[in-house]
Amino acid sequence: MEFLTKPFRDQDLIDAIQRALKSDMETRQQQAEIAHLKERYTKLTARERQVMRLIVSGMLTKQIASTIGTTEITATVHRGQVMRKMQANSPAELGRMAEQLKLPTIA
């Protein structure tokens, strides 16, 4: 994590170790969170994955229905399933999840 020049105080070494442990813990938490997101994402059907990408691109339900060739009601059902399965409370939260998963964006 960092270099300590000799001579160093014992407290400097302890502080450096504590910073390294804290950094490692944060990294492990982020990795676990991404693993949980990936697990939820794999439970989506191919259509739900398509709808998720459309949601995070900013499309409204009516636009999603038109894009995937279904009725607005069907698109609403898919949208609800995506939100439920991904455990997202809002499209913005779903967008953050998509960023963490590094999903390709739709132009």
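Rule-based calculations on the coordinates, nothing more; no lab input. Quick caveat: nothing in here was measured; it's all calculated off a predicted structure. Cβ placement follows ideal geometry from the backbone for every residue including glycine, while neighbour counts extend to all protein chains displayed.
For Lys38, the aspartates and glutamates whose Cα comes closer than 19 Å to its Cα, not counting residues fewer than 8 places off in the same chain, are Glu26, Glu48, Glu93, Glu99.
Think of the chain as a dipole: +1 on every Lys or Arg Cβ, -1 on every Asp or Glu Cβ, centred on the Cα centre; then among Leu4, Ile68, Ala20, Ile68 lies furthest on the positive end.
May I ask you to list the trypsin sites (Lys or Arg not before Pro) in the range 6-107 that are in a DSSP loop and have at most 16 other Cβ atoms within 10 Å of their Cβ?
Arg9, Lys43, Lys102
Candidate values (i) 1.05; (ii) 1.63; (iii) 1.34 were compared with Cα Rg over 2.2 N^0.38 Å computed on the shown model; the agreeing label is (ii). Helical runs assigned H by DSSP (4 residues or longer) give the chain a calculated mean residue ellipticity at 222 nm of -24000 deg cm²/dmol, each run adding -39500 (n - 2.57) before division by the residue total.
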